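So the structure is just underneath, and the comments pick up after that.
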Amino acid sequence: VRNAGVVGGNTTGAIARAGCALAGPHTYLAWLLAAGVGSGMAGSGIYAFCQTLAGPKAAGRWTGFQNGFANLAGIVAPALTGFVVNRAGNFQMALAITAAVSLAGCLAWVFAIGPLREVPWAGYAA
């Protein structure tokens, strides 16, 4: 169920961001709203996944590690967006890149992520 929410959210977000890239001045708002809904769906269980995989002994460490990498996107995305908009002169290419990244996330959740169950950590000292 959690995987379906993430996959559905990434798919919705990818389609909506592609719609934003192609939208005109009178249609972009609906696409932005759909992109926000998709992002909310995709991000709803991210910390639950980490805690499930890590188990009670390593949940804090893994959540911190995951949060650190998530913040990396907050550094790279605005810089990349500014670079692309500066080169292209509009936001179409930046939105297309974002749609492609969302679609790649969807494919990763469908094909790369297996069943979510606690990983047995051999020799882990709490």
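Taking every protein chain into account, the accessible area of the chain amounts to 65 square angstrom per residue (probe 1.4 Å).
Here the sum of -39500 (n - 2.57) over DSSP H runs of 4 or more residues, divided by the residues of the chain, equals -28000 deg cm²/dmol at 222 nm, to the nearest 500. Peptide packing: for 59-66, 74-81, the average count of neighbouring Cβ atoms within 10 Å per residue gives the ranking 59-66, 74-81, highest mean first. Could you tell me the center-to-center distance, by alpha carbons, between segment 63-126 and segment 10-28 in angstrom? After rounding, the separation between the Cα centres reads 19 Å. Ligands, DNA and RNA left out, the 1.4 Å accessible surface of the chain is 70% carbon and sulfur atoms.
Convex hull volume of the Cα atoms in the chain, per residue, in Å³?
Dividing the Cα hull volume of the chain by its residue count gives 108 Å³.
Measuring nothing but how far apart in sequence close Cα pairs (under 8 Å, 6+ apart) lie, relative to its length, the chain scores a relative contact order of 38 percent.
The values are calculated or read from the model by the stated rules, or taken from the named source; none is laboratory data. All of these numbers come straight from a predicted model, not from anything done at the bench. Because the Cβ atoms are built from the backbone with ideal geometry, glycine has one as well, and the counts that use them run over all protein chains shown. Heads up: the accessible areas ignore ligands, DNA and RNA and are worked out on the full protein's heavy atoms, side chains in. Shrake-Rupley method; radii C 1.70, N 1.55, O 1.52, S 1.80 Å.
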